[in-house]
1. Considering only residues that are part of a loop (DSSP other than H, G, I, E, B) and open to solvent by less than 30 Å² (accessible area, probe 1.4 Å), which ones fall in segment 22-62?
2. Can you pull out every residue in segment 5-26 that is small (Gly, Ala, Ser) and away from the ligand (no atom under 16 Å from the Cβ)?
Amino acid sequence: MDNSEKRTCLKCGSEMTKCYVAEGFRGLLVKNPEGDRILSNKKNTNINPVICTHCGFAEWYADEPENLI
Ligand SMILES: [Zn+2]
């Protein structure tokens with residue numbers, strides 16, 4: 001996702017702000033269970049939230065969704 005891209009809240013139509021989570025280095029790490037191996041799972045990506053500053057609605061976007069395939 002492009003950092004400069006503006007997103008509009010699906011709930012109230014206000015502008016949304018790209019945020020980050022305080023846990024983890026570049027966001028929360030999520031993994032596709034199909035990628036599970038004994039020692040590693042390379043089917044993973046970081047996700048970060050985009051939050052509506054008007055109503056608080058939050059959406060999550062993966063930095064590298066193609067990594068989950
Ligand atoms: Zn909203």
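The values are calculated or read from the model by the stated rules, or taken from the named source; none is laboratory data. Only a predicted model underlies this, so the values are computations on that prediction, with no experimental measurement involved. Counting neighbours? That spans all protein chains shown, and the Cβs are built from the backbone with ideal geometry, glycine included. With ligands, DNA and RNA removed, areas are computed over all heavy atoms of the protein, side chains included. Shrake-Rupley method; radii C 1.70, N 1.55, O 1.52, S 1.80 Å.
1. Going residue by residue through segment 22-62, those that are part of a loop (DSSP other than H, G, I, E, B) are 22-27, 32, 36-43, 53-57.
Listed by number, the residues that qualify are GLY27, ASN41.
2. Step one: filter segment 5-26 for residues small (Gly, Ala, Ser), giving 13-14, 22, 24.
Selection gives ALA22, GLY24.
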